[in-house]
Every structure is written in C-alpha cells, then in structure tokens.
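Visitor: First the structure, then my questions, so here it is.
Read-outs: derived from the displayed coordinates by stated rules, not from any lab. Source: prediction; values computed, not measured. Cβ: placed from backbone, ideal geometry, glycine included. Neighbour counts: every protein chain shown.
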Amino acid sequence: MNAYDSLIKDLAPKKFGKTGKLWVGFLLLIIFGALACYVIQLRTGLIITDMRDYALWGIYISNFVFFVAISLVGSLITAILRLSGAKWSTPLTRIAEIIAVAAIIMAGLTIIIDMGRPERLFNLFIHGRLQSPIIWDVVVITTYLVISILLLYYPLLPDFAILKRHFNNNPKMQKWYGKLSLKWTGTITQQKLKNKSIRILSIMIIPVAFGIHTVTAWLFATTYRPGWDSSNFGPYFIAGAFVAGAGGVITVMYILRRAYHLEAYITAKHFDKMGKLLVLLCLIYLYFNINEYLVPAYKNTVEESAHLQGLFVGQYAPLFWLVIVGGLILPIIVLVFPKGRKPIPVFIVGLIVVIGAWWKRYLIVTPTLLHPFLPIQGVPESWHHYFPSLMEWIITFGTLASALLIITLLVRYLPVIPIHETAMEQGILDADKTTKQ
Amino acid sequence: MQENDSNSRRNFLDKGLKIGLLAAVGGAAAKALGPENKETSVGEETIELMSTDGTLIQVPMSEVMEVPSLKDENYNVRKGYPNLKFVMVVDLARCKNAKQCQSACNKSHYITGDDAWLKIYKMQESESTAPYWQPTLCQHCDKPPCVKVCPVDATFKRQDGLVLIDADRCIGCRFCMAACPYSTRVFNWAEPKQGEMSEITMDMEHLHYSPDYAGMPSQKGTVDKCDFCPHMVDKGELPHCVSACPNGVFFFGDAYEDTVTNGDETFRLSKLLKDKAGYRLMESLGTEPSVYYLPPSNRLVDFEEGMTNYDEFKSVDKSDE
C-alpha cells in the first residue's frame, strides 16, 4: 500500500464504534428531553423559565451569544490563518469550519427558543424594520451561515471525489459522495475555480464574521443600561469570541485525535501552535476586559458601581473571578510555557476556556438587567434575582447537545482532515487518479 | 396656508376633544362655545364650562350633547388623531401613594400579571433628601428607544404622541423592554388569566382587538404597557388613572392646546411647567417623554401616610381570584 492509499484509509470517514454510538445516543437523549421541555414552553409560555420583567433575557440569550462567539472560529482558522499563509493550520481548517457551521445553525435556532411568539417568526421578513439591530443580526447571521457552509463545502469537493472512489464496495455511500463531488475530476479549470472561490470566500467571511459578533454586541450596547452602554462592546465581543472559538477547536481536535487515532496528522506541533495562538488571543481579550471594567469602575457612577460591585464583590463575584481567572489568566500562565503546550494540558485549558466563555456570556447578560435605572418595586421578591429554571437548563443543554450532534454527524460523514490538501502538502498527490496533473 | 391649518385645528379642538376633556366629569359637552351661546332663555337649566381662554361660562343644557367619537372614517390606529399631542403632568406634591390610579388601571386593562403598568415608586435621591412617591407609567417618549429597536414595527409612535403596541404582531423578543430605561414594559410570560370579564366587556362595547385599547385582550408571549387610554379620550373621558386619583395628581391634556386637566382643575401646560419647575425623567437620555413631573415641594399630602399602602413586592391585587 502506498503512502497515498494509507492516507485515504486513515482519513476516510469511519462508522461509529461502540463509544460513538453511545455518544450519539446520549446526545439524542438530551435533545429529546429538551424538545419535550420546549413543547411545554410553547404551550404554557416562557413562564417555565426563571426570566421575568426585570431579568427579561436569560441563558437563552447568553447561550445564543456563546454560539455566535464560537462560530467565529471558522473565520479565524480558515480565513485569517489561511490568508496569512500559516500552513500548519491546514489539518484544523475542516474542524474549525464544522464547528462554525454547527454553532451558527444553533445560534439561529436558540434565538427562536427565546421568542415569546416563535410562530410569528416570519414577521421579521414581512414587517422587518432596518432600524432594529435584530434585523441586522438576522441579515448577517444568514449571510455568515451561507458563507460558512460554502467554505466548508468547496474544499470538500476533491475529497468527495476521492471518497467516491474509496467506497467502491459501498454503492450507497459512493452514490452520495459522487453527487456531492459535483462531478469533480480535478481538471485545471476546476482547480482554478475552486481555489478562486475559496479565496474570495475567505476574504468575504472576515467582515461578515466581524459583523455577526459586532451586531450581537450591539443588541446590548444600543441600550442605555449600565454594563451594556459601552462603545468598547463590539471589539470586546470579537476578542472574546476568538478566545472561545480557539478553545473549542482545541477541545474538538484533541477528542478527534484520540477517537480516530489521528496522531500523525494532528501532532504535538498543532497543540503547541494552538496554545501559542490562545495566549495571544487571551492577552487581547484581557486588554478589552480591563477596558470594559476598569474605566467605569474608575468613574464609579451610581449606576455603574451598583453593577460592578455585584460582579467584583457581590453575588456574582465567585462566578466572575472564576471566569476571569480560569478563562483568561490561567490559559496565559499555563500556555506561555512550552511544557504547558503539550496536548493534554492544552486540551484541559481549552476545555476550561470554553466553559468559562459560556459563563462569561451569562455574566454579560444577566447582572445588568437586574440593575435598572428605576428601583425594582412592586413585583414578587423572586423577580429580584435570576437563575435558570430546570426546564431552561434542559432546553439549553439540548441546544448544546444539538451543536455537538451536528459536529458528530459531520465528522461521521466528512473527512475531518482535508485529504486532498494534506496529500498535496505531503507531495504524494501523484497517485491520485482523480487529479490530472 | 399654515394659518389656515392652525385655524382649522383650533376649530376642531374647540368642538371636539378640548370640550370633551373639560366636560369629562359630566360626560357631556357643548356643541359650540362662544359669546352668542351665553344668551339663554330664562329658566333653562345651564351648565358651567370652561372656555379655551380659561374663563367660566354658562351654557344651556339644550346646547349640550354627547361628544361624537373622535375617530372619523380617516382614523388609522397607527397614525392616531391629527393635530393632537397628548401630554401628562404628574404633580408629585400631591401623591401619597393612595394607589387608586394603579387599581383603576389594573382593573380597566384587565391586568392579571404580577407587574402593573403603572407603578408608584418610593423614591429618595439621597439620604439627606426627602422621600417621595413617584407614579410611573409609559412615558410615551417623542424619541422612544423601544420603537427604535423593535424589529417588526409592532410598537410604534403615532402623530398624537402615543407609543402603542400591536400585540397581534409582536414576536416577543423583549428588545423593547431591554431598551426602555423606565422599566414600564411588561411581558405576558404565561397565558393571561383575564377571565370572561375582558371578553364580556369587549362584547358589550363591540370591540375588536386594537392597539389603542391595550390589554383587550392581552396575549401570551407579547409585551404590554400603558397605552395612555386613547379609548377613554375617544369617549371624551380622561384616562383611568387620572379620574381615579383622589388627590388630583394626574393632569392630562393636549400640548398643542397647551391645556391639561385632572377633571377638577385645568391649567395652561406651559405656565404650570414654568411656575412649578416641571421636569421629565432622565432628560439626559434624550428620550423626550410626554410625561412631565412637578417636584414634590410644598407638599399637600404626607409622605408617611402612603407607607401603609406600600407593598414592595406587589402591584397587582389578585384577591378576587
């Protein structure tokens, strides 16, 4: 068997093993639980959540912001690194795009879960007002979804052609991969067209990616509320999104490496590089955090101080400091040392970063709402606080599980490491009969 | 041309809303007001009304009739009444948290949630300054942040100053609630338990749902708030909170006409705001509310009396259930 054939054998999608099946079953269980809760929510209303007139947005919204944040990694790894000529990131591009597509799909669905009247969704198109940041979000998220899917799909064309040939003993798979390959034969014209399309998409996705998260930040920053009323919010959200997304890629790449024995393709070098990248991203994010908290704390207006005290020393303090230290300081300290950039520590830090990033969004959305300009009076005592209800949690976990299921299914049927590109970089493409040289 | 416009507006107001408002207590108004009407036949019953320039005049009862609905065939609920600009003045010196405004509002709009549309806040700017009661309802801002952010044009601003919600269109995203700095918007988290009363009232008054009568009915998953009671104005009556207040805290009227009334007293809006140093809430935000406040100085009522009524955790009485 030559190097090229063994490459294909290594990277071709594989059937789920026992662990894979258990994992899918586990995710489906959560998703069905969440669906059941959502049906109850549709019938009885958002009363099943812990949101009320003051805490009017909760984890549905912070979870939405989290998904949007995670999805930005697609543009970071595939576009920014690709355009800057960082060759080492090639094996990670597909993982990043898969995460991006899964996250942006779930971002769109999560925002619908938060709506009091989801059946009126089409009012957004019938009566949409361009003055509203929500419409901006609808426009950019849809655009980003389309570009992300294309950016996942175009590099897959040669891989689908390769897989069509590889699954010659499985007519069903062969048929599907054949259809998906859009009659790719690897002619010079096709290659040129593909490369040009990818280059255009890589450039296009950067402003759109900045757009989706800036607009998401503006959902908050366009209000008067202390904690949201900040001109720093757009870049602050984008910096945080890259941190979250990099953490996501690290986590997924480690798990896939273990599950599919991809040690030869996702090497220690990749963890080292991703570790370094994460340090850089965390430093940028730290800078924006200092801006976001220090400047209002220095001025210490009555409204800002009520909000900041809740975070620094009040009821949110334990969570706030865990998120700052775990999701921001710890990665910098651990990953700055070469020993910290070995696969296992990088994975652990990446996982903590993702969890921290989720809670960070909770801390951005919730505390602000509980410090309105006028005092909270005339409502039940429980309305003064917010913590998600059980059903809210189940539904939220359902969305997270759905994102993971989308990733899992894409990993099941797509080569997670680009076969064609890897072969090209290894210089073993000659054996590829689908590519005319 | 402009003069003509303002003349016709003045005529319209003289015959319509103005008299309607002033005569609200009697529920009736005169067909026309002018010096010629003063000649009355001896023995005929007369009614005392205030003219537009503030003088009291006697009008024969025969000249008094029901106010026709302000709504003509051109009425568009999204546009509102032409040549009217609704305005409210809340005199904090008179408020002692009697809460009649709140219960009247809750009752008339069939509010069944836990958060009233009109709330009386116990306010105190700092420890060294006196506490006071501040009735707070939708401020009907001229630059409403809620309208700006609505993605589907469900909440809208009318030419007569009202900010209303089309509950049939609202998608329940609650962005308007996040945007409102006055926290006056409430959400129907569950199916509103308005019971049969709202339906019976709707049937009796032959009403269909319309944004200018908020809460008739309320809908699950949509936002509600104070509508400034255009349905009362249309009948020539004052909003529920205004007429319910035993202390005459609320004054309602038309900014173009420069007049506000609480049913008993009528003031020139501009003079009242100048004399009493009226102000609006959070003026610095640039929202330009239609609700003015008069400072709680030289108080006519005792703040402490209101404490017996004060309930930090309740604004809607559900004892009927």
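Visitor: On a 31 Å Cα-Cα criterion, which of the cross-link pairs A:LYS299/B:LYS96; A:LYS21/A:LYS192; A:LYS9/A:LYS342; A:LYS196/A:LYS269 come out too long?
Guide: Check vs 31 Å cut-off fails for A:LYS299/B:LYS96; A:LYS21/A:LYS192.
Visitor: Using the number of other C-beta atoms within 10 angstrom as an exposure proxy, rank A:ASP137, B:ASP72 with the fewest first.
Guide: Neighbour counts put them in this order, fewest first: B:ASP72, A:ASP137.
Visitor: For region A:261-306, take N as its residue count and report Rg(C-alpha) divided by 2.2 N^0.38 Å.
Guide: 2.00
Visitor: At 222 nm, what helix-only mean residue ellipticity would the protein assembly as shown give, in deg cm²/dmol to the nearest 500, using -39500 (n - 2.57) for each DSSP H run of four or more?
Guide: -15500 deg cm²/dmol
Visitor: Then there's this: Where q = 0.15, 0.17 Å⁻¹, what log10 of I(q)/I(0) comes from the Debye formula for region B:86-309, counting one point per Cα?
Guide: -1.01, -1.30
Visitor: B:SER210 to A:GLU263: FRET efficiency via 1/(1 + (r/R0)^6), r the Cβ-Cβ distance, R0 60 Å, to the nearest 0.05?
Guide: 0.30
Visitor: Which distance in nm do the two modelled labels at A:THR301 and B:ASP311 give, with both placed 7 Å along the Cα-to-Cβ direction?
Guide: 3.5
Visitor: Report the semi-axes of the equivalent ellipsoid for region A:52-105 in whole Å, largest first, where each axis is √(5λ) for an eigenvalue λ of the Cα gyration tensor.
Guide: Working through the eigenvalues yields semi-axes of 32, 10, 6 Å.
Visitor: Follow-up question, since we're still on this one. Would you order B:GLU199, B:GLU44 from fewest to most other beta-carbon atoms within 10 Å of each residue's own beta-carbon?
Guide: Ascending number of Cβ neighbours within 10 Å: B:GLU44, B:GLU199.
Visitor: What angle, in degrees between 0 and 90 and rounded to the nearest 10, separates the Cα long axis of helix A:390-413 from the longest principal axis of the Cα atoms of chain A?
Guide: In chain A, helix A:390-413 runs at an angle near 10 degrees to the longest axis.
Visitor: How would you classify region A:111-207 from its alpha-carbon gyration tensor, with a ≥ b ≥ c the square roots of the eigenvalues: rounded for a/c under 1.5, else prolate if a/b is greater than b/c, otherwise oblate?
Guide: oblate
Visitor: Expressed in nm to one decimal, what extension gain is obtained for the pair A:GLN174 and A:VAL139 from 0.36 nm per residue of sequence separation less their Cα-Cα distance?
Guide: Taking 0.36 nm per residue and subtracting the Cα distance, the gain is 9.0 nm.
Visitor: Specify whether the C-alpha gyration tensor of region A:50-151 places it in the rounded, prolate or oblate class, a ≥ b ≥ c being the square roots of the eigenvalues: rounded for a/c under 1.5, otherwise prolate if a/b is larger than b/c and oblate if not.
Guide: Prolate.
Visitor: Which log10 I(q)/I(0) values, to two decimals, does region A:342-416 give at q = 0.13, 0.21, 0.23 Å⁻¹ under the Debye formula with one point per Cα?
Guide: -0.66, -1.11, -1.17
Visitor: Taking the Cα centre of each part, how many Å lie between region A:360-394 and region A:266-315?
Guide: Spelled out, the Cα-based centre of one part sits 22 Å from the other.
Visitor: Further question on the same structure: Classify chain A from the C-alpha gyration tensor, please: rounded if a/c falls under 1.5, else prolate or oblate depending on whether a/b exceeds b/c.
Guide: prolate
Visitor: Using Cβ contacts closer than 10 Å as the measure, can you line up A:ILE99, A:ILE352 from fewest to most?
Guide: Listing A:ILE99, A:ILE352 from fewest to most nearby Cβ atoms yields A:ILE352, A:ILE99.
Visitor: Find the Rg to Rh ratio for region A:382-430, where Rh is the Kirkwood radius over alpha-carbon pairs and Rg uses the same atoms.
Guide: Using only Cα positions, Rg/Rh for region A:382-430 is 1.44.
Visitor: What whole-number volume per residue, in cubic angstrom, does the convex hull of the C-alpha atoms of the protein assembly as shown give?
Guide: It is 197 Å³ per residue.
Visitor: Among all cysteines in the protein assembly as shown, which have no other cysteine Cβ under 4.7 Å from their own Cβ?
Guide: Singleton cysteines: A:CYS37, A:CYS282, B:CYS95, B:CYS105, B:CYS141, B:CYS150, B:CYS170, B:CYS173, B:CYS180, B:CYS229, B:CYS245.
Visitor: Shifting gears a bit: What relative contact order, as a whole-number percentage, does chain A give when Cα pairs under 8 Å and 6 or more residues apart are counted?
Guide: 33
Visitor: As a quick test, which of the pairs B:LYS119/B:LYS235; B:LYS157/B:LYS314; B:LYS225/B:LYS274; B:LYS122/B:LYS276; B:LYS71/B:LYS119 have an alpha carbon distance above 28 angstrom in this structure?
Guide: From the list (B:LYS119/B:LYS235; B:LYS157/B:LYS314; B:LYS225/B:LYS274; B:LYS122/B:LYS276; B:LYS71/B:LYS119), the Cα-Cα distance tops 28 Å for B:LYS157/B:LYS314; B:LYS225/B:LYS274; B:LYS71/B:LYS119.
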